[in-house]
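See structure below.
The values are calculated or read from the model by the stated rules, or taken from the named source; none is laboratory data. Note that the coordinates shown come from a computational prediction; the quantities given were computed from them, not determined experimentally. So basically every Cβ, Gly included, is an ideal-geometry build from the backbone, and we count neighbours across all protein chains shown.
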Amino acid sequence: MMTIMQNSPNKSAAKTTAQSRKEATHERIVEVATRAIRRSGYAGTGVADIMKEAGLTHGGFYAHFASRDALLAEAGDRAGAESVALAARVAAAAPPGQALQAMLGAYLSPEHIAAIEVGCPVSALGSEMPRQAPEVRRAATIHIKEMIDLFARQMPNWGQPEAHAQAMATVCAMIGATILARAVDEPALSDALCAATLAQFQDTH
């Protein structure tokens with residue numbers, strides 16, 4: 001009995017260490033996947049490539065995820081949460097009454113247009129989302145709604161029914177402009193698309 005009692009703390013510590021290692025590995029896989037899906041798209045993101053980039057063997061994948069779609073959903077959820085959190089920080093740092101323009105300016109900036117791998121996943125992956133598994137689309141939907149709600153709270157008429165509709169239109173235009181700005185192969189046109197969209201909302205808000 002004494003032997004068992006003496007060994008128990010060691011076994012418990014070993015179990016905790018193993019669990020911590022597994023959690024760290026899981027986190028590394030998700031982090032790699034959040035970049036990969038934005039860089040290569042859902043269709044271009046394979047399990048083998050993610051595991052290799054994470055420095056892990058392919059065979060270890062199913063110790064962490066039930067399926068590829070489960071990974072894509074978690075990676076999309078993480079990327080979406082990061083995007084909304086960044087927009088919220090931009091809004092919080094803006095001078096009073098300028099949060100809306102600050103968020104638009106950051107989203108439509110040349111830096112965000114160029115940073116597809118770490119930018120908003122909706123503008124990076126929007127055209128692929130209708131063909132994804134339900135759990136992947138659900139993760140995207142949650143954060144799209146969060147982004148709309150964040151924009152609605154910055155509207156001058158926040159609290160009125162029109163504010164939410166205006167926020168939806170603003171987010172749609174912002175994301176659409178970003179998709180087009182990344183699609184064209186002329187830098188001047190890319191910049192002009194973002195500038196025109198930003199100017200439109202400066203005039204109306």
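Looking only at residues that are free of Cβ contacts under 8 Å to residues at least 12 places away in the same chain and not in a loop (DSSP other than H, G, I, E, B) in the range 38-85, which one is surrounded by the most Cβ atoms within 10 Å (Cβ to Cβ)?
Here the residue is Ser40.
Considering (1) in contact with a helix residue (DSSP H, G or I) (Cβ under 9 Å, 6 or more places away or on another chain); (2) surrounded by fewer than 17 Cβ atoms within 10 Å (Cβ to Cβ); (3) assigned to a helix (DSSP H, G or I), say which one Arg89 fails and leave the rest.
With (1) in contact with a helix residue (DSSP H, G or I) (Cβ under 9 Å, 6 or more places away or on another chain); (2) surrounded by fewer than 17 Cβ atoms within 10 Å (Cβ to Cβ); (3) assigned to a helix (DSSP H, G or I) applied to Arg89, the lone miss is (1).
Against the condition surrounded by 14 or more Cβ atoms within 10 Å (Cβ to Cβ) and out of contact with any Lys or Arg (no Cβ under 7 Å at 6 or more places or on another chain), how does Ala167 come out, does it pass? Working first, answer last.
Details: surrounded by 14 or more Cβ atoms within 10 Å (Cβ to Cβ): yes; out of contact with any Lys or Arg (no Cβ under 7 Å at 6 or more places or on another chain): yes.
Here the answer is yes, as Ala167 does meet what is asked.
Considering only the range 184-205, I want to know if a residue exists there that is assigned to a helix (DSSP H, G or I), closer than 21 Å to Glu82 by Cα and in contact (Cβ under 8 Å) with a residue 60 or more places away in the chain.
No: zero hits.
Might you let me know whether the range 147-158 holds any residue that is modelled with pLDDT of 95 or more, aromatic (Phe, Trp, Tyr) and out of contact with any Cys (no Cβ under 9 Å at 6 or more places or on another chain)?
Scanning the range 147-158, I find at least one residue that is modelled with pLDDT of 95 or more, aromatic (Phe, Trp, Tyr) and out of contact with any Cys (no Cβ under 9 Å at 6 or more places or on another chain), so the answer is yes.
Tally up the residues in the range 98-119 that are assigned to a loop (DSSP other than H, G, I, E, B) and among the charged types (D, E, K, R), please.
Number of matching residues: 1.
Counting only residues that are among the small types (Gly, Ala, Ser) and touching a helix residue (DSSP H, G or I) at 6+ places or on another chain (Cβ under 7 Å), which one in the range 118-142 is modelled with the lowest pLDDT?
To start, the set of residues in the range 118-142 that are among the small types (Gly, Ala, Ser) comprises 119, 123-124, 126-127, 133, 139-140.
Subset that is touching a helix residue (DSSP H, G or I) at 6+ places or on another chain (Cβ under 7 Å): 119, 123-124, 126, 133, 139-140.
Values: Gly119: 95, Ser123: 96, Ala124: 97, Gly126: 91, Ala133: 96, Ala139: 96, Ala140: 96.
So, considering only residues that are among the small types (Gly, Ala, Ser) and touching a helix residue (DSSP H, G or I) at 6+ places or on another chain (Cβ under 7 Å), the one modelled with the lowest pLDDT is Gly126.
Need pairs with beta-carbon distance below 6 Å; first residue touching a residue at least 12 places away in the same chain (Cβ under 8 Å) and within the range 131-151, second among the polar types (S, T, N, Q) and assigned to a helix (DSSP H, G or I); sequence gap 6+ or separate chains.
Hits for this filter: Phe151/Thr170.
Could you check the range 120-136 and list, in sequence order, the residues that are touching an Asp or Glu at 6+ places or on another chain (Cβ under 9 Å), small (Gly, Ala, Ser) and part of a loop (DSSP other than H, G, I, E, B)?
Ala133
Residues of the range 137-161 being loosely packed, with under 12 Cβ neighbours inside 10 Å and either small (Gly, Ala, Ser) or assigned to a helix (DSSP H, G or I) (or both), which ones?
If the condition is that a residue be loosely packed, with under 12 Cβ neighbours inside 10 Å and either small (Gly, Ala, Ser) or assigned to a helix (DSSP H, G or I) (or both), then Gly159, Pro161 are the ones that fit.
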